[in-house]
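Enquirer: Here it is: the structure, laid out below.
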Amino acid sequence: MRIESLTLIRVAMPLVRPFTTSFGSQSAREVLLACVDIGGTQGWGECVAMSEPVYNAEYVDGVEHVLVHHLLPRLMVVDDFAIEDVASILRPVLGHHMAKATIETALLDAWLRKEGRSFAEYLGATKERVRCGVSVGIAATIDELLAEVDGYRQQGYQRIKLKIQPGWDVQPVRQVRALIGPDLPLTVDANRAYDRQSMRTLAALDEFDLQMIEQPLPEDDIAGHVQLAQLVATPLCLDESICSTLDAVDAIERGACRIVNIKPGRVGGYLESKRIHDACAERAVPVWCGGMLETGIGRAANLALAALPNFTLPNDTSASARYYRRDLTAPFVLQDGHITVPQGPGIGVDVDLDMLQDAMTGRRHIERSATGR
Ligand code: OSB
Ligand code: MG
């Protein structure tokens, strides 16, 4: 394939309720979409970076800059490449996984649409629907948290994940466990908010039979996670620490985690996500698909990934209504705790162009001819 044009579209997406984590609160997503044209067929990629570099180092304006000035020019000078070549063409640019994932996903969608093949089939999906959990932000009060969790429980989510931070951990977890009973899986996600001095607090969570503790320590403290894993009985899961297959293998072999959260944006795309899935499967380490409050465009691709066989734990692939009043695609709906994997060509869903028009805040179009090729 070769790229004829790239259109970058900014969309303002208000959340149904603010989402608060240990790194801050957000009431809307500023979504960057890439629409690539390869000889008349278009494909879409959703950038998962946040407005500010507070989850990891990437942020929306930075992603747009890297795409336009460093990634697109490297792809535009190649007249015929395969989807499997994209990562190596972009390898001279260090980091910037979310930017790389955005363009690689748009190219994968375009190429698969042209071939009449789905993400699910290309990636090797073995399930028609995936298990869904829900990620619950830090609330103003425990009563508000309990009301929100109760609503999700009634909707049928298969796992509740509570965001925690120092001062919002043992008590909310105790009360939520009391509300939902012993059978519904419960997890916590600290987004790196603890340090080596707070290991005792994390060990106090053992009594609540959590399925996992996600990313308790800073992303570069693998040795700290190894120590913590020896002190707590609850399995540790890494999110921010895992940016590649090498990271995953290293963390597993050192005993830093027993579960891996795979977010395609964080690791540079769906091809690398599949490699992480395979490496974890070989080592009998279960994985699940994380989320970044994606619209239906990113969610469709995540569902296809989560349909791979070693995605055995409930995923952060919740229904559209958990995030947005109106989505950029037909809404994804929770049925019996699952969402159905799209089977059409590419990501398998169409972008709602009326909705896109209404929510668009900016647009930038770059033609091949304009780059002098
Ligand atoms: O750590 O998993 C996280 C959202 C933004 C940034 C980081 C995280 C999250 C979530 C939301 O937990 C998961 C979802 O999309 O439902
Ligand atoms: Mg996380």
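Enquirer: Looking only at segment 23-38, which residues are farther than 21 Å from Ser320 by Cα and without any contact (Cβ under 8 Å) to a residue 40 or more places away in the chain?
Expert: Of everything in segment 23-38, just one residue is farther than 21 Å from Ser320 by Cα and without any contact (Cβ under 8 Å) to a residue 40 or more places away in the chain, namely Gly24.
Enquirer: Would you mention how many residues in segment 197-237 are assigned to a strand (DSSP E or B) and over 19 Å from the mean Cα position of the chain (by Cα)?
Expert: Here the count works out to 0.
Enquirer: On to the next question. All but one of (1) more than 21 Å from Ala190 (Cα to Cα); (2) assigned to a strand (DSSP E or B) hold for Val63, so report the exception by its number.
Expert: (2)
Enquirer: Quick one: is Leu186 in the same structural domain as Ala125 (by TED's automatic domain parsing), more than 16 Å from ligand 1 (Cβ to nearest atom) and either crowded, with 17+ Cβ neighbours inside 10 Å or touching a residue at least 60 places away in the same chain (Cβ under 8 Å) (or both)?
Expert: Judged against the criteria, Leu186 is not a match.
Enquirer: Looking for whichever is within 14 Å of ligand 1 (Cβ to nearest atom), in the same structural domain as Asn315 (by TED's automatic domain parsing) and over 18 Å from Ile160 (Cβ atoms) here; the options are Ala203, Ala193. Which one fits?
Expert: Every option except Ala193 fails the conditions.
Enquirer: Also, I was wondering about something else. Given the structure, is Leu303 open to solvent by less than 10 Å² (accessible area, probe 1.4 Å), within 21 Å of Glu214 (Cβ to Cβ) and more than 16 Å from ligand 1 (Cβ to nearest atom)?
Expert: Against the criterion (open to solvent by less than 10 Å² (accessible area, probe 1.4 Å), within 21 Å of Glu214 (Cβ to Cβ) and more than 16 Å from ligand 1 (Cβ to nearest atom)), Leu303 does not qualify.
Enquirer: Would you mind stating whether Pro235 is touching a Phe, Trp or Tyr at 6+ places or on another chain (Cβ under 6 Å), within 16 Å of ligand 2 (Cβ to nearest atom) and either more than 25 Å from Ala140 (Cβ to Cβ) or modelled with pLDDT of 95 or more (or both)?
Expert: No, not satisfied.
Enquirer: Open to solvent by less than 50 Å² (accessible area, probe 1.4 Å) and in the same structural domain as Asp206 (by TED's automatic domain parsing): does that describe Leu162?
Expert: Yes, satisfied.
Enquirer: Of the residues Gly156, Gly181, Gly167, which single one is among the small types (Gly, Ala, Ser) and within 25 Å of Lys263 (Cα to Cα)?
Expert: Gly156
Enquirer: Now, a different point. Just one of the numbered conditions (1) closer than 30 Å to His225 by Cα; (2) not in a helix (DSSP H, G or I) is not true of Ser273; which one?
Expert: Among (1) closer than 30 Å to His225 by Cα; (2) not in a helix (DSSP H, G or I), Ser273 violates only (2).
Enquirer: Yes or no: Asp221 open to solvent by 30 Å² or more (accessible area, probe 1.4 Å) and either more than 15 Å from ligand 1 (Cβ to nearest atom) or in the same structural domain as Lys100 (by TED's automatic domain parsing) (or both)?
Expert: Judged against the criteria, Asp221 is not a match.
Enquirer: Of the residues Val232, Val260, Val267, which single one is touching a strand residue (DSSP E or B) at 6+ places or on another chain (Cβ under 8 Å), in the same structural domain as Gln165 (by TED's automatic domain parsing) and within 14 Å of ligand 1 (Cβ to nearest atom)?
Expert: Sole residue among the options that is touching a strand residue (DSSP E or B) at 6+ places or on another chain (Cβ under 8 Å), in the same structural domain as Gln165 (by TED's automatic domain parsing) and within 14 Å of ligand 1 (Cβ to nearest atom): Val260.
Enquirer: Okay, moving on. Is there a residue in segment 141-148 that is more than 28 Å from Leu72 (Cβ to Cβ) and outside any helix (DSSP H, G or I)?
Expert: Among the residues of segment 141-148, at least one is more than 28 Å from Leu72 (Cβ to Cβ) and outside any helix (DSSP H, G or I), which makes the answer yes.
Enquirer: Restricting to segment 238-265, name every residue that is surrounded by 24 or more Cβ atoms within 10 Å (Cβ to Cβ) and either touching a residue at least 60 places away in the same chain (Cβ under 8 Å) or not in a loop (DSSP other than H, G, I, E, B) (or both).
Expert: Answer for segment 238-265, where residues must be surrounded by 24 or more Cβ atoms within 10 Å (Cβ to Cβ) and either touching a residue at least 60 places away in the same chain (Cβ under 8 Å) or not in a loop (DSSP other than H, G, I, E, B) (or both): Leu238, Ala248, Val260, Asn261, Ile262, Lys263, Pro264, Gly265.
Enquirer: Scan segment 263-273 and give yes if some residue there is within 12 Å of ligand 2 (Cβ to nearest atom) and hydrophobic (A, V, I, L, M, F, W, C), otherwise no.
Expert: no
The values are calculated or read from the model by the stated rules, or taken from the named source; none is laboratory data. What you are looking at is a predicted structure, and each value in this text was computed from that prediction instead of being measured. All Cβ positions, glycine included, derive from the backbone under ideal geometry; neighbour counts span all protein chains shown. These accessible areas exclude ligands, DNA and RNA; they are computed on the full protein's heavy atoms, side chains included. Shrake-Rupley method; radii C 1.70, N 1.55, O 1.52, S 1.80 Å.
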